[in-house]
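The values are calculated or read from the model by the stated rules, or taken from the named source; none is laboratory data. Treat the numbers as computed from the prediction; the structure is a model and nothing was measured. Virtual Cβ from ideal backbone geometry, glycine too; neighbours counted across all protein chains shown.
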Amino acid sequence: MKEKVSRLAKGIFEYENPELIVSESTIEITVKTEKVKKGFFTLSNSRHEMMKGIVYSSDRRFHIVNGTFYGRETEIHYEYREDAVLTEDKKIEVSIVSSIGEATIPVKIIHELPYIECAKGKVYDLDQLLLLAKEDMAEAIKIFKHPDFVSVFLQGDEIGSAKYRCLLESTSTSHALEEFLIALHKKDPVRIESTKKDYLFEQMTEARKESIQLTKTGWGNAEYKIYSDVPFLLPEHKIVWMENFIGDEYELTYMIDIDKMRGGINEGNIILESVHQKLSIHIIVERVKELPYEIVVKRKYKKNEVLLTKKYLEFRFMQIDKDTYIKDMEHILHDLISIEPETKSQLLQLHLLLVQENYVQAKHLIEVFESQKDQLLEESVLNYLIFLYLKALFTKSKDDINDALRITKEYYHQEKNDWMYQWLIMNLESGVNGKGPDRIEVVKALMETGIHTPVLYYEAFHEYKKQPALLKELGAFELQIMHFGIHYDGLTGELKDQFLFLVGRMKNLPVLLFHDLVRMYEKKEEDEVLTAIIRFLIKEGKDSSQYFPWYEKGVKKQLKITQLYEYYMYALPEKLVNPMPQSVLLYFWRNSHLPESKKACLFAEVIRQKDNSPQIYEDYLSQIKPFVINQLRKKNISSQLAFLYEQNLKPEQINEEMAFLFPTVMFRYRITCDNQRMVRLGIIHTELKDTSETSLSEQEAYVNLYTGNAILYTVDEKGNRYLDTVALHKEPLMDYESYADACYEKNKQDDYLLLHQFDKGENEENESMEKIYARQRLLESTVISDQYKKKGFKDLIQYFFQYKNGQQLEEYLGTIDIRKIDAAQRALVIEYYILCDLFEKAIEAITTYGFEGIPLDRLNKLSKFVLQSTHPFMESEIFMGICYRLFVEVSDKLEIDDKVMMYLIERYDGKSMNMYELWEEAKKRKLVATGLEDRLLGQLLFTEIDYKKTEEIFFSYIESGKSKLLIRAFLSYAAYNYVVKNVEINPRLFIFMKQEALHEYSEPCLLGVLMHYSTYERLLTEEEKNYIDYHIHDFIGKGKIFPFFKKFKNQIRLPESVMDKHFVEYKTDPRKRVFIHYLIDKSEENEKYIVEEMKNVYAGIFVKDFLLFYNEVLQYYITEVDGSEEKVTKSGEEQLEGISGSKRTPNRYSLMNSMLKSYERNDREALLKDMKLYVQNDYAARSLFKPL
């Protein structure tokens, strides 16, 4: 800049600066939060000349990397850093101050909404994500997994962000996206329905493929398992996904496997099941099957054989009477006649006749068999032996009995594998001797060989029934026989007593025995059986709640069973349906050696019954209170303990110890989940750092919930997480609100208690200092999330400031790690640094993070401190930015301290307009601005911009300005513009130009003064005439003749070399060659123009002189040659119409012009006069001036 000023002072000018070319008319920056945008623009000029300059930015966030430049073409690089939190819309400009001019580039910051880009384009919000998921789930999943998802879609939404992070841990991302959209109420879960709920297929004879038409409502991700509950229905696919649907429809195909059905009606269901829905489609299939006659007969026979046995046993156990038995057997007989050989039917008929005591028909039928005895034997030995047995029953003859026994034994030794032989032998031997064999041993031996049949079971059981003493133990055989008897409700009397006695002595009790006992009790509620059941359960250690009803029955019946009361308590369910019997309360009064959880149940029941049993309550008090306090110290909690705490430790009784213990238990909730596929429960408090999970035991869990917006989620067996789509039921164990307030009075140290209290009272306007300290304590906790700390610290600072507690505010500000908070919070902290006079901290923070977002009054206070203390910070660019921001943005400039103004006046550099505005304010305040004027004038000369206010600044500067070089440069440049560029300037400047030229020769100033004098309409003073005469002749002597000289012809005597000539003046860039093409008095049409190069008299003022006679016409045009290019720039026509009237002796040139004029006017007298004078002058000249 100094070099340029020096050149101007020396009168070295550029006629026309090259045009400053800026590659960008506007810089547009599209930003997202927390991003740095880099770029550059190019500076060049129209003549590709060397140039230099400085680039300024009006905003610290828009940083110019290379702020100074020198060269023909320069890249100016910049970086823009957008703060995520700041929302102020400040105007940003880039100012270029160069040796060829100034330029301003507006910077347009486009705060584009954050987005994530995918193959389908940019996605800006959740609604667009929803549409994308509907169209292309794969692309939506990519976006869902993008690391910027939270910052783009969930900025400021703590709950939504927490839900997103939770669901992202799911095994399936598509499931996570589905759950997320549902949780944020962007869509509903998918559901499917069948167009028909029931299907009927009749008369099916072969396997076939069928289908079910399914429709879905909604869209999204869902997985349905497909299965059937019967083997003959075989779905083609095991799983259906929503992408398998065409539109909203899906055809579910399945096979009906006829080979896996029985004949007739077959029913089953095809089931579609997801986590949220279970859909069953009922299918009925009628199978028509043509089976071989033999198989049909066999099946029918087997069916009737089972019925025969069943009816026989029911009759023998007296579950049906004889008439019913006979009637049922006749039905079976009628069915058998069509499929059985005639012999078997007749044998059954004979049996029925004997039961009916219809001996006449029985005798007749026996006689028929006797007549066909040989044929009967040949057909079937067993049928023959049965006939002999029935005949012996009829005749009761010992001979018949012995014959039948003998023959049966003979065949038994041949056919030992048929139990019927043994059964016949047992019954025949009883007829022989009235006692028969040991039936029990016979049946046992047969069972050991693998023969099991209800008929034999009956024989053994019947034997035990007759002789209960035979039942001496309960081995596998005996248990099987007793089980059989119990099934038919036959275990009664002495045998039952013996059985229960043996049960009581058993050490290892099989499960089957328990079920037999239960059946016995359900048939008839007898204390002996109940006792056996309870003893069984106690012996097996059964203490789960499912067995409680048995213990409860025993207690109510006051059964004398060891440990009955203990197991009553062990198996006690969480919630009692019936009040606890007083016998239990009395039993444990002095001997309550129960587990702590059961003691809690016992004591809770004592309190519940205190109105009905006050004495028992009084007796227990000495145990209850110590127990309750001890449990609280152990930090135990359950529904029963919660009741005990509330009954025994009222809020008003809370002491300091309890105040620290209660927060560990009182926020406990019981969470239940009906969905059997959920295996874990998770809890998210957005205020806390950590997320916790626990198992769902029997579909319930116990967790602590401290705030109203705690998020609960469940996890299935695959690891997928669910929020709102799986229903949860939550129930607080305690009414904790009153306890929370009471604890808070004495305990402001517990993080979770504080969190609850502040969550509950978040909207309270007024807070005590005590509560403020507690809030500070919470925000310093290691369990609290950074997000919550950021949210809470602003209020905390304001609370401190509201209570004018400067010391505590300073202490708290000192604990804040400013690196860990966002920009808006940093600005707030810095603001309070300044308010609390923590200037060093404020300066340190501003140096690192800037001053955006800090109120102007706070910056004003800081600037006063810096300037008053001459802090080193005043040397920084940031402080300059602060001061200039104050100047620009403070509406009432008088609020800006004079020290700030003087700082700017002495140091600020920037765009000329900005500097002028600063100078104007300085002049209003009557502040000395010489330094600013010095810099501003220098910059204006450096840039050579046409700024109208320059003269005003100069007049102020010249009063006290020290730079003579700058003054001379300014005056020279002003004179140059006036003389060469025809720029109007303030007349006062000519006074200073004249003085400057007197002090030191200045050609531009002299020309400016002379040209100014040439405009005077008044007569010049003698001093002025002498001044003009001297300097004009000096210029003429140097060969520099300017056309305006002739304006002085009536004031001073000008040489003939000036007065006799006509001058054509042309102003342009002195580096160009200028040619004048002219004709004088063109007489021929095709006469050629004379071409002469014009002389550059001074700084681009080209002059050509002509000697024109009266009425001669000069026609011309001017061309400029710039390199190889020549172009016409000016044309004209000039004529000498008269003779000048200057006060000088006429010369030959003037006399000739006068004669021509007189001749034209036909003025002979004047013509002769001029001719005479011309001859005289010519003679004198020739006489006086002779060659040597």
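Give the residue, chosen from 440, 425, that is in contact with a Ser or Thr (Cβ under 8 Å, 6 or more places away or on another chain) and at pLDDT 85 or above. Let's see the steps before the verdict.
On the way: 440 fails: in contact with a Ser or Thr (Cβ under 8 Å, 6 or more places away or on another chain).
From the options 440, 425, the qualifying one is 425.
I need the helices (runs of 4 or more DSSP H) fully contained in the stretch 284-385, keeping only those with at least 1 residues that are hydroxyl-bearing (Ser, Thr, Tyr) and either more than 30 Å from residue 465 (Cβ to Cβ) or at pLDDT below 85 (or both). Break it down stepwise before answering.
Numbers: elements: 293-316, 322-337, 342-356, 359-371, 373-379.
Answer list for the stretch 284-385: 293-316, 342-356, 359-371.
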Of the residues in the stretch 195-225, how many are at pLDDT 90 or above, over 29 Å from residue 289 (Cα atoms) and either among the hydrophobic types (A, V, I, L, M, F, W, C) or outside the structural domain of residue 254 (by TED's automatic domain parsing) (or both)?
1
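Filter the stretch 163-177 down to the residues that are over 14 Å from the mean Cα position of the chain (by Cα) and part of a helix (DSSP H, G or I), then identify the one that is surrounded by the fewest Cβ atoms within 10 Å (Cβ to Cβ). Explain how you work it out, then say what you get.
Restricting attention to the stretch 163-177, the residues satisfying the condition of being over 14 Å from the mean Cα position of the chain (by Cα) are 170-175.
Those still in the list that are part of a helix (DSSP H, G or I) too: 173-175.
Values: 173: 17, 174: 22, 175: 22.
Looking at the filtered set, the residue picked out is 173.
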Just one listed residue, out of 565, 570, is at pLDDT 90 or above and in contact with a Lys or Arg (Cβ under 9 Å, 6 or more places away or on another chain), and it is 570
From (1) surrounded by 12 or more Cβ atoms within 10 Å (Cβ to Cβ); (2) under 16 Å from residue 724 (Cα atoms); (3) not β-branched (Val, Ile, Thr), pick out the condition that doesn't hold for residue 207.
(2)
Given the condition farther than 27 Å from residue 788 by Cβ and polar (S, T, N, Q), answer yes or no: does some residue in the stretch 713-721 qualify?
yes
Considering only residues that are farther than 24 Å from residue 501 by Cα and surrounded by fewer than 20 Cβ atoms within 10 Å (Cβ to Cβ), which ones fall in the stretch 437-470?
437, 445, 446, 447, 448, 449, 450, 451, 452, 453, 454, 455
Hey, among the residues in the stretch 803-845 that are assigned to a loop (DSSP other than H, G, I, E, B) and crowded, with 16+ Cβ neighbours inside 10 Å, which one's modelled with the highest pLDDT?
838
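Just to check your reading of the model, which residue among 572, 559, 530 is among the hydrophobic types (A, V, I, L, M, F, W, C) and assigned to a helix (DSSP H, G or I)? Break it down into steps so the answer makes sense when it comes.
Details: 572 fails: assigned to a helix (DSSP H, G or I); 559 fails: assigned to a helix (DSSP H, G or I).
Matching residue, one of 572, 559, 530: 530.
Give the residues of the stretch 973-987 that are part of a helix (DSSP H, G or I) and either under 22 Å from residue 1052 (Cβ atoms) or in contact (Cβ under 8 Å) with a residue 40 or more places away in the chain (or both), sorted by residue number. Step through it out loud before you land on a result.
The initial filter retains those residues of the stretch 973-987 that are part of a helix (DSSP H, G or I), namely 973-980.
Within the stretch 973-987, 973, 975, 976, 978, 979, 980 meet the criteria.
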Are any residues in the stretch 568-584 of a type in the set (Phe, Trp, Tyr) and surrounded by fewer than 15 Cβ atoms within 10 Å (Cβ to Cβ), and if so, which ones?
none
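Does residue 970 qualify as being part of a helix (DSSP H, G or I) and modelled with pLDDT of 90 or more? So that I can check it myself, show each step before the final result.
Numbers: part of a helix (DSSP H, G or I): yes; modelled with pLDDT of 90 or more: yes.
Considered against the rule, which asks whether it is part of a helix (DSSP H, G or I) and modelled with pLDDT of 90 or more, residue 970 comes out as yes.
Listed here are the residues, each with its yes/no results for (1) of a type outside the set (Gly, Ala, Ser); (2) outside any loop (DSSP other than H, G, I, E, B); (3) farther than 25 Å from residue 310 by Cα.
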{"position": "412", "(1), (2), (3)": "yes, yes, yes"}
{"position": "421", "(1), (2), (3)": "yes, yes, no"}
{"position": "424", "(1), (2), (3)": "yes, yes, no"}
{"position": "447", "(1), (2), (3)": "yes, yes, no"}
{"position": "469", "(1), (2), (3)": "no, yes, yes"}
{"position": "483", "(1), (2), (3)": "yes, yes, no"}
{"position": "496", "(1), (2), (3)": "yes, yes, no"}
